[in-house]
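The structure under discussion appears below in the form of structure tokens.
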Number of protein chains: 2
Amino acid sequence: MNAEIIAVGSELLTPYRIDTNSLYLTAELNRLGVRVMRKTVVGDNREELREALEHALSYADIVVCSGGLGPTVDDLTRETVAGLLGRKLVRNEEILRSIQERFRKFGRAMPETNVRQAMVPEGAEPLDNPRGTAPGLWMETNGHYIVLLPGPPNELKAMFENEVRSRLSRIAPKRRLYTRDLRVAGMSESDADNRVAEIYKKYSQAEHTILAAPGAIQIHPRVWSEDREEANRILDDLVKSFGLALGENLYSTTGQSMEEVVAHELREHRATIATAESCTGGLIAARLTNIAGSSTYFLGGVVCYSNDLKTAWTRVPAEIIESKGAVSPEVALALADGIRKSTGAALGLSVTGIAGPGGGTPEKPVGLVHIGLADEKGPKEHAFRFPGDRERIRTQATNAALDMVRRYFLYAARPKA
Amino acid sequence: MNAEIIAVGSELLTPYRIDTNSLYLTAELNRLGVRVMRKTVVGDNREELREALEHALSYADIVVCSGGLGPTVDDLTRETVAGLLGRKLVRNEEILRSIQERFRKFGRAMPETNVRQAMVPEGAEPLDNPRGTAPGLWMETNGHYIVLLPGPPNELKAMFENEVRSRLSRIAPKRRLYTRDLRVAGMSESDADNRVAEIYKKYSQAEHTILAAPGAIQIHPRVWSEDREEANRILDDLVKSFGLALGENLYSTTGQSMEEVVAHELREHRATIATAESCTGGLIAARLTNIAGSSTYFLGGVVCYSNDLKTAWTRVPAEIIESKGAVSPEVALALADGIRKSTGAALGLSVTGIAGPGGGTPEKPVGLVHIGLADEKGPKEHAFRFPGDRERIRTQATNAALDMVRRYFLYAARPKA
């Protein structure tokens with residue numbers, strides 16, 4: 001079963017906005033066994049939209065449209081679909097009442113223009129919008145299905161979940177898409193690709209997407225199958241092979257983020273952590289505290305940009321900074337040990353480096369980063385040399401620091417609890 | 001002059017990847033007076049690509065394709081375009097040599113498959129790729145132009161800058177697009193919209209896009225004109241009207257980020273700053289240190305999640321935390337004042353709040369955030385109630401805190417330097 005996704009809105013043809021709804025819609029459609037063949041973005045223009053709809057209906061079983069359901073004259077999706085299918089627009093009194101009701105709730109009178117939103121092509125089923133005034137529409141025509149959804153992502157998602165998913169699953173094929181979400185750290189995309197190339201060949205029934213961000217790689221194997229158990233067996237096998245090929249670089253097989261994995265390990269070991277950051281400027285603390293309930297393991301952190309504060313907050317001896325430089329293995333070690341001791345955390349994590357663009361020297365170039373990790377036995381340190389601009393270097397340093405904590409627990413004793 | 005942008009690649013039809021090249025391409029095309037009428041994403045499929053190209057060539061003056069120029073059998077753009085236009089593919093020896101050279105530089109032999117990348121449709125101009133092996137192509141057919149670019153964004157951008165921009169500007173119309181990039185803080189999208197609605201009406205020759213992110217709004221007025229001076233006059237007038245309507249909520253008319261504006265003010269006033277964060281967990285420090293050279297004004301910051309560390313690092317009296325609670329105006333004031341004094345910074349900025357999802361009470365609900373700012377005269381505090389989930393609350397709190405620093409300088413004395 002095939003689908004096309006059409007996003008409607010002139011703002012999506014400017015340099016400032018991108019259609020992200022299609023990612024959500026694709027995931028949902030795939031899960032129901034529907035393959036997305038094509039995505040189109042058109043402006044608020046009757047002819048362009050009509051042409052796009054016509055083409056999509058010429059081959060796709062399902063056409064999902066987002067946007068253009070608002071109350072203004074720019075919102076043309078309803079009229080255009082009705083015109084294309086030769087159906088009349090009829091005012092739906094129930095929808096009108098619910099729009100009026102919504103305005104009343106917010107203490108406002110409904111503007112006359114909103115009557116447009118109550119117009120429904122003959123034979124279409126309205127889809128309730130709990131988060132806005134624009135109702136969606138579900139239509140069938142010659143064995144093809146048309147789904148019209150509002151553009152705002154929160155409205156679109158709520159409507160899909162409440163109204164569309166169940167309708168689609170009634171018509172969806174038995175052949176569904178099954179996926180895994182693997183996360184890899186500590187290696188480049190081409191290194192990862194080389195290590196798993198043989199697996200791709202062996203499991204030719206699976207499709208793969210590899211997605212590389214600075215310091216983090218995602219691999220998504222996908223299997224289309226009518227047999228859920230068969231698909232999951234193949235994927236489980238595949239994941240096992242990936243595990244052997246990638247070793248401890250594979251940090252999640254369920255799409256967890258690095259901070260989620262680290263949070264899990266800290267909780268599991270009843271350990272606490274504190275951070276002392278220089279070039280990452282708070283990004284590590286921000287990632288660790290991204291997780292709800294992080295106060296159980298994250299005590300706090302310092303961002304010590306100035307050398308004085310490195311000494312004041314983590315007791316790094318000023319002599320070390322002076323003799324070795326702020327960006328040095330010695331300072332990374334002292335920062336990690338110092339923050340651990342001054343906060344009483346089980347682990348102290350530190351980063352010092354040169355994020356650039358200025359400040360590099362031949363001996364200490366831009367991208368050089370030292371990461372330290374201390375436990376009760378003392379601190380250890382690793383040096384990295386990251387490529388890219390300031391933002392990429394900071395992101396890679398943050399990922400590498402969190403990954404160092406994750407790897408620490410791979411070798412740490414299991415909790416005695 | 002009209003264009004269509006076609007992105008080619010099956011990975012762009014999965015839930016994991018989105019075509020972002022089209023934002024860059026749209027900005028560049030608009031600047032040359034070319035309007036983007038439609039964007040299409042197709043998979044690595046000959047028929048789909050052929051159909052998309054055919055439709056685009058039926059109306060668009062310029063068709064820009066990204067992706068599908070790699071060396072594998074999946075990369076079909078060259079062959080499909082040649083087939084559609086009825087042109088032979090000819091091996092270009094110069095391109096072949098340069099691909100071989102590139103492999104030699106990295107100490108590897110060129111795989112046989114890469115010969116494909118040296119195949120050029122008759123009459124096409126190859127576009128040099130300084131960052132990869134895939135050359136681009138520039139073709140003319142019946143008064144339409146086809147531009148084939150590689151998919152990786154860094155290769156696409158370099159090729160556009162070096163090879164495409166100059167070719168396009170030779171054929172581009174006199175009528176160009178002129179824009180401004182306005183940034184607004186401290187109000188909701190609908191508030192901003194209401195305040196500027198009259199301006200939209202008055203300047204009907206301008207188009208507007210409004211883009212809302214948590215705690216930050218962008219407004220992009222755009223004017224198409226043959227007359228550069230005329231367009232800039234209209235836009236300058238428009239920006240002045242926006243300034244009157246939005247007041248001090250308008251923080252940039254040149255697309256600067258909030259941290260850039262704050263950095264500018266701090267430098268201008270030769271002021272330094274230090275931060276004490278609780279619920280924002282380091283995000284404010286991370287934003288401030290996002291800017292190259294931030295060490296001149298940012299001394300450091302603490303993320304004091306535990307109450308003990310609030311007292312240890314910023315000398316917030318434990319009695320205040322106990323009697324008023326960690327999330328209270330009093331603690332925000334004490335944190336701001338404490339971090340200022342303990343670091344010797346000119347300004348101390350603090351945040352304490354409840355980011356959720358847990359931890360809320362009827363008196364102190366999720367989303368309640370107190371922000372404190374201290375100078376030598378003492379600390380001040382503002383309370384906010386932000387909607388949304390943990391991530392949105394943290395982002396809005398970060399923006400509001402940076403905005404408080406910006407507003408402080410609106411009323412501060414100009415530097416005496």
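Before moving on, here are some points about what is shown:
- Cα lying deepest toward the dipole's positive end in region B:2-171, options B:52, B:113, B:84, charges on Cβ: B:113
- Computed FRET value (nearest 0.05) for residue B:296 with residue B:248, which takes r as the C-beta separation and R₀ as 22 Å: 0.30
- Nearest-ten-degree value, helix B:93-105 long axis tilted from longest Cα axis of chain B: 40 degrees
- The two copies B and A are related by a rotation, and the chain B beta carbon nearest its axis, with distance in whole angstrom, is B:282, 2.
- Remark: mean inter-chain Cβ contacts per residue of B:15-28 equal 5, using a 10 Å Cβ-Cβ cutoff to other protein chain atoms.
- Table column - 3J(HN,Hα) (Hz), region A:343-348, Karplus curve with 6.51, -1.76, 1.60, x for Gly and Pro: 9, x, 6, 5, 10, x
- Residue (of B:395, B:358, B:412) at the positive-pole extreme of region B:348-417, dipole from beta-carbon charges: B:412
- Within the accessible area of chain A (1.4 Å probe), percent carbon and sulfur: 48 percent
- Karplus-derived 3J(HN,Hα) values for region A:112-120, using 6.51 cos²θ - 1.76 cosθ + 1.60 with θ = phi - 60°, are 4, 4, 5, 4, 3, 6, 8, 7, 10 Hz; glycine and proline are entered as x.
- Taking amide H positions as modeled 1.01 Å from N, with prolines and chain starts lacking one, the residues under 5 Å from residue B:66 and 5 or more places away or on another chain are B:6, B:7, B:8, B:149.
- In nanometers and ordered shortest first, the copy-to-copy spacing of the residue B:204 label point, defined 7 Å from Cα toward Cβ, is 6.4.
- Taking amide H positions as modeled 1.01 Å from N, with prolines and chain starts lacking one, the residues under 5 Å from residue A:120 and 5 or more places away or on another chain are A:90, A:91, A:92.
- Kirkwood Rh in Å, taken over region A:258-411 so that all alpha-carbon pairs contribute: 15.1 Å
- Taking Cα atoms only, the orientation of helix B:189-202 departs from the longest principal axis of chain B by about 60 degrees.
- If you sort the three axes of the alpha carbon gyration tensor as a ≥ b ≥ c, you get a/c of 1.5 or more for region B:177-252 and a/b above b/c, which makes it prolate.
- Calculated over the protein assembly as shown: convex hull of Cα atoms, volume per residue (Å³): 195 Å³
- Added length on full extension, which subtracts the Cα-Cα distance from 0.36 nm per residue, residue B:324 to residue B:226: 29.0 nm
- For region A:389-407, the residues whose amide N sits under 19 Å from a probe point set 7 Å from the Cα of residue B:154 along the beta carbon direction are A:389-400.
- Other copies of residue B:389: label-to-label distances in nm, shortest first, labels 7 Å along the beta-carbon direction: 2.8
- The charge dipole of region B:177-252, taken about the Cα centre with unit charges on the Cβ atoms of Lys, Arg (+1) and Asp, Glu (-1), comes to about 80 debye, rounded to the nearest 20.
- Computed FRET value (nearest 0.05) for residue B:191 with residue A:122, which takes r as the C-beta separation and R₀ as 51 Å: 0.80
- Net charge of Cβ neighbours under 13 Å - reference residue A:167; Lys, Arg +1; Asp, Glu -1: -4
- Net charge of the neighbourhood of residue B:249, taken over other residues with C-beta under 13 Å away and scored Lys/Arg +1, Asp/Glu -1, is -1.
- Once C-alpha pairs closer than 8 Å and six or more residues apart are averaged by separation and normalised to the residue number of chain A, the relative contact order reads 11 percent.
- The dipole here belongs to region A:234-277: it is taken about the Cα centre, uses +1 on the Cβ of Lys and Arg and -1 on the Cβ of Asp and Glu, and is about 100 debye.
- With the gyration tensor restricted to C-alpha atoms of region A:2-171, the semi-axes of the equivalent ellipsoid amount to 24, 17, 17 Å, longest first.
- Extending 7 Å from the Cα toward the beta-carbon at both residue A:47 and residue B:233 defines two label points whose distance is 3.3 nm.
- Calculated FRET efficiency for the pair residue A:268/residue A:308, C-beta based, R₀ 35 Å, to 0.05: 0.40
- Relative packing of peptides B:263-276, A:79-92 - highest average C-beta neighbours within 10 Å first: B:263-276, A:79-92
- Derived scalar couplings ³J(HN,Hα) [region A:165-176; Karplus, 6.51 cos²θ - 1.76 cosθ + 1.60; whole Hz; x for Gly, Pro]: 4, 5, 5, 5, 5, 5, 9, 5, x, 6, 6, 10
- Amide H contacts of residue A:127 (H built 1.01 Å from N, under 5 Å, at least 5 apart or other chain): A:136, A:137, A:138
- Label 7 Å beyond Cα on the Cβ vector: residue A:358 copy-to-copy distances, nm: 4.6
- Check: region A:1-86 dipole with +1 on Lys, Arg Cβ and -1 on Asp, Glu Cβ, in debye: 340 debye
- Estimated distance in nm for a label pair at residue A:54 and residue A:341, the labels positioned 7 Å out from Cα along Cα-to-Cβ: 7.8 nm
- Approximate spin-label separation residue A:2-residue B:96, in nm, with each point projected 7 Å along Cα-to-Cβ: 3.7 nm
- Residue-normalised accessible area of the protein assembly as shown, expressed per residue, 1.4 Å probe, Å²: 43 Å²
- Rg [Å, one decimal], Dmax [Å, integer] - chain A, C-alpha atoms: 27.3, 83
- Gap separating the Cα centres of region B:199-230 and region B:111-128, nearest whole Å: 42 Å
The values are calculated or read from the model by the stated rules, or taken from the named source; none is laboratory data. These numbers were taken from a predicted model, which means no experiment stands behind them. Cβ coordinates were reconstructed from backbone atoms using ideal geometry, including for glycine residues, and neighbour counts include every protein chain displayed. Quick note on the areas: whole protein, heavy atoms, side chains included, nothing else; ligands and nucleic acids left out. Shrake-Rupley method; radii C 1.70, N 1.55, O 1.52, S 1.80 Å.
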